[in-house]
1. Would you mind telling me which numbered condition in (1) buried (at least 23 other Cβ atoms within 10 Å of the Cβ); (2) more than 10 Å from chain A (Cβ to nearest Cβ); (3) among the aliphatic types (A, V, I, L, M) residue B:301 fails?
2. Looking at the stretch A:153-174, can you tell me whether even one residue there is within 14 Å of another protein chain (Cβ to nearest Cβ) and part of a helix (DSSP H, G or I)?
3. Which one is farthest from the other protein chains (Cβ to nearest Cβ), of the residues in the stretch A:99-127 that are part of a loop (DSSP other than H, G, I, E, B) and within 16 Å of the chain's Cα centre (by Cα)?
4. Just the residues that are among the basic types (Lys, Arg) and not in a helix (DSSP H, G or I), please, taken from the stretch A:131-152.
5. Being among the β-branched types (Val, Ile, Thr) and away from every other protein chain (no Cβ under 14 Å) is the filter here; which residues of the stretch B:147-191 pass it?
6. Checking the conditions here, which among B:57, B:139 is assigned to a helix (DSSP H, G or I), outside the structural domain of residue B:179 (by TED's automatic domain parsing) and over 26 Å from residue B:356 (Cβ atoms)?
7. Any chance you could count how many residues in the stretch A:190-230 are of a type in the set (Lys, Arg) and more than 14 Å from chain B (Cβ to nearest Cβ)?
8. Answer with yes or no whether residue B:217 is out of contact with any Gly (no Cβ under 8 Å at 6 or more places or on another chain), at pLDDT below 90, crowded, with 21+ Cβ neighbours inside 10 Å and not in a loop (DSSP other than H, G, I, E, B).
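The values are calculated or read from the model by the stated rules, or taken from the named source; none is laboratory data. Remember, it's a predicted structure, so these values are computed and weren't measured experimentally. Counting neighbours? That spans all protein chains shown, and the Cβs are built from the backbone with ideal geometry, glycine included.
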Amino acid sequence: MKLNLIRFAAMAIITLLSFGTAHASTLNDVKAAGHLKCGINTGLPGFAFTDDKGNWNGFDVAFCRALAAAVLGNPDKVKYVNLTGKTRFPALASGEIDVLSRNTTWTFSRDVDLGFTFLGVSYYDGQGFIGRKSLGIKSAKELDGASVCIQTGTTTELNLADFFRSNNMKYEPVPIETNAEARAGYLAERCDVYTTDASGLAATKSTFKDAENHMVFPEIISKEPLGPLVRQGDDQWADIARWTLNALIVAEELGVTKANVNEKAKGTKNPEINRMLGKEGSMGKMLGLDATWAVRAIAAGGNYAEIFDKYLGTKTPLGLSRGLNALYKDGGILYAPPIR
Amino acid sequence: MTIDNNSNNDKANQNIKPPPANTVGIIGWIRKNLLGGWVNTLLTLISIYILWLVLPPLFDWALLNADFSGSSGKECTTNGACWAWLDQRINQFFYGFYPPDSYWRVNLSLILLLPALAYILFENLPYSTYGRWFALSYPIISAVLLLGGVGLEGVTTDKFGGFMLNLVAGLAGIILSLPIGVVLALGRRSKLPLIRVFSIAFIEIIRGVPLITLLFVAVIIVQLFLPPGVSLDQLIRVMIMITIFASAYMAEVIRGGLQAIPNGQYEAAQAVGLGYWRSMRLVILPQALKISIPGIVNTFIGLFKDTTLVIIIGLFDILGQARLLQTNPDWMGKVDHETFLLAALFFFIICFSMSRYSINLEKRLDTTNK
């Protein structure tokens, strides 16, 4: 009911907006303002968090920085707008932000009904379960009758209901507001298992003192393709943002890194690298940017692999393996169209 | 004669014995309050037992077994609290993202707040005329200090954060909501239908809607009605909403006070020839506000705690900073209780002070015959 009201309100606002605003080019607006207004989370381990100087870091933040570098030439020219799950869509629709990079799942209704354009998938996530090994089960399909800690008002709640119904099982939901609360509730044995996105489960598990006594069940019960998005209706801006994301992925594929991008920009034997980095062809001009847009985007925080390893990878406290997010040639499904 | 009288008095005084030692002082207080009757004695014993259960482990956790140094949560290895983050992060808990080389501006406006408050809250201070003027101009002085201008580097409100943000939003709300509340309360009792209907509608609509809804309206919908290119600062929007929300509650608190004043007082004020405003100012409001003090302070305390809702416009007050630190991969899972405890402590200090001051004020203004 509450969700419906919020959805209705969001739709009403977006409808209102689409009448009034024949928006000028977002690219020009961003250039005129001198900074990119990027919507990010209010705090999510690995994706958006602050360091001890108060600077924003994280996987989602890195995309904002790459885009700002491509468009404005400086990755620091970003004004971060911190958005909750409820304020993110109205903020994008009303033009308060230029791009939303806030671990948002690409779904039909958000793309079609709410009038946004998703730029691609930056992180393939999915909902899973964590439970104690002492439960003596190996699979989420054996969870009949279990009590489940679940964050309320999210799609995970609906996925959970679907999963148990389609497997003819019963469960007892233990509703919980935040991830920190869920962790505390699970550790206090208020519930048998805790469910959220797999990236969140890994992060949660990494904080347990007795991590070896807990296991993440192999079943992933939903598809959660997370990615950045922009308002519908400004295709040039959507192209710029989409190809900035693609450039980061292609850069990993072609071995272009933060360290060697300036070297490779001078020209290589690989024509695709040359096209991407502006040595051949006129890719930048087609986007409405200059020739070295991708050089700056990659120099900002490195290619996809570098960003992933820095904020989410196995060397970080989150310790996520690439999994689905490995390149297609490494056994994952990360696949960017060619820059040609 | 006089000498005799005095000596008689002295004699009489010498005959008056002091009360028994076990009915005064600390012992007397304990006997009377903690051990008076078997019910009180039993409750005292139970309370002591509960405290004995709770306090030593809490003390162990928070101080004796705690980790105080380290650069990430991994270095907190004991079973106690992890306070190592204080060193790196305490400034963000106080100042948010305010530029560090301008922290002195926040500090200065906080220091200036003390005399400004003192001149408003307490009587009998020296130079009180100047002091009152200073107190009146304090909001402007602090706004210039915090936002910049007049030679100071400008700081936008999205840099505000931490406990400073709670204080700024809370104080602005407290200072503004009382006068607006008084006006609304008088309006609701006005004989002019237009004013009365407007006041009733305003109060009931605002009170009938949850604060968080008003904040969403302020943050999301107001933007649609402003001309393109015009935008009102997000923090100001939220402060306006918190203020009018508190004003509606304040109006009802004060109306309660107004209705408790006997009709005789209104008639007496008219009988000595006072008009509406003067009778309100000189006779009715001083009495009505005095009996409303507990309710007014109650509303202030509620308003102050509502300032944590600034998180919905993406600003990080002290509670937001606590949550933010909990999501930092280096500290994740180690500092949940510690950060909330710190935030709670600061809220408690401010709210408890307000509550104590209101008791002090009630006693000072108490003119009933005992």
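1. Exception for residue B:301: condition (1).
2. Taking every residue of the stretch A:153-174 in turn, none turns out to be within 14 Å of another protein chain (Cβ to nearest Cβ) and part of a helix (DSSP H, G or I).
3. So the first thing to find is which residues in the stretch A:99-127 are part of a loop (DSSP other than H, G, I, E, B), and the list is A:106-107, A:113-115, A:119-122, A:126.
Now drop any that are not within 16 Å of the chain's Cα centre (by Cα), which leaves A:106-107, A:119-122, A:126.
Working: A:106: 23, A:107: 21, A:119: 22, A:120: 25, A:121: 22, A:122: 18, A:126: 21 Å.
Result: A:120.
4. Residues of the stretch A:131-152 that are among the basic types (Lys, Arg), as a first pass: A:132-133, A:138, A:141.
Those that are among the basic types (Lys, Arg) and not in a helix (DSSP H, G or I): A:132, A:138.
5. B:150, B:168, B:174, B:175, B:180, B:182, B:183, listed by residue number.
6. On the way: B:139 fails: over 26 Å from residue B:356 (Cβ atoms).
Matching residue, one of B:57, B:139: B:57.
7. At the first step, the residues of the stretch A:190-230 found to be of a type in the set (Lys, Arg) are A:190, A:205, A:209, A:223.
Filter once more, so that each one left must be more than 14 Å from chain B (Cβ to nearest Cβ): A:190, A:223.
So the answer is 2.
8. Values: out of contact with any Gly (no Cβ under 8 Å at 6 or more places or on another chain): yes; at pLDDT below 90: yes; crowded, with 21+ Cβ neighbours inside 10 Å: no; not in a loop (DSSP other than H, G, I, E, B): yes.
Spelling it out, it is not the case that residue B:217 is out of contact with any Gly (no Cβ under 8 Å at 6 or more places or on another chain), at pLDDT below 90, crowded, with 21+ Cβ neighbours inside 10 Å and not in a loop (DSSP other than H, G, I, E, B).
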